[in-house]
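Taking it in order: structure first as structure tokens, then the write-up.
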Amino acid sequence: MSLGAEPDPAPSGRTVTGDLRALAHPIRLRILSLLTGAEMSAAEIARELGITHANASYHLRLLLGSGSIVVAGQEKIRGGQAKRYRYDVNQAFTPRADQDHPHPDDVQIIYAALAAELQRRAREIVTGPASAGTLTDAELWVDLDEWKQIRDRVAQASEHLHRIAQRPHSPGTVRVSASIALFRMRDAAPTPEEQP
């Protein structure tokens, strides 16, 4: 994936810009995770992720420019000013009527970044009875009303998880991974609502 000034190409060959480009990188996904539970500076993020300060600042600028994070304040550090950033959970989980729905091909770049991030996290898995997790992978056919109810319950659980997130390494916390991708798929025979 390109980190230069040019937008990333989608699998369709079209150009992807804005929020999708900002989210479509494993490091930026990790930064969003960190900023969910705490306000942090570029230096703190760099230390936590083991990257350079310049690299952290670059990724923060892209996330800030896309509106994915906000400046939460500033602090004096060694005679200078350091911005502190945070991920606004309220904004992230509030549906916007004016929000465009991305093209399905464009969404694939986010899933590619999520897949890379999931592979990295899986190398850090803790196994055993006290740390059991859950795994679901399925392509199913379900009743539409049931689907909507399940999707909404999972969205509520995801929002709750984001709201209770704390600063990395806080006493009494454990490090967990949550990757959720629920979506409707096209049918070989389109339903009336999917037809043009």
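Values in this text are rule-based calculations from the coordinates and carry no lab data. These numbers come from a predicted model, not from an experiment. Cβ atoms come from the backbone with ideal geometry, glycine included; neighbour counts cover every protein chain shown.
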query: Under a point-charge model restricted to the Cβ atoms of Lys and Arg (+1) and Asp and Glu (-1), what is the dipole moment magnitude of the stretch 23-177 relative to its Cα centre, in debye to the nearest 20?
result: 1020 debye
message: Just to confirm the filter: which GluC sites (Glu not before Pro) across the stretch 110-193 are DSSP coil and have at most 16 other Cβ within 10 angstrom of their Cβ?
response: 124, 139, 193
task: May I ask you to list the residues of the stretch 149-170 whose amide nitrogen lies under 20 Å from a point 7 Å from Cα along the Cα→beta-carbon direction of residue 72?
output: 158-170
task: Could I have the simple spin-label model distance between residue 83 and residue 57, label points 7 Å from Cα toward Cβ, reported in nm to one decimal?
output: 1.1 nm
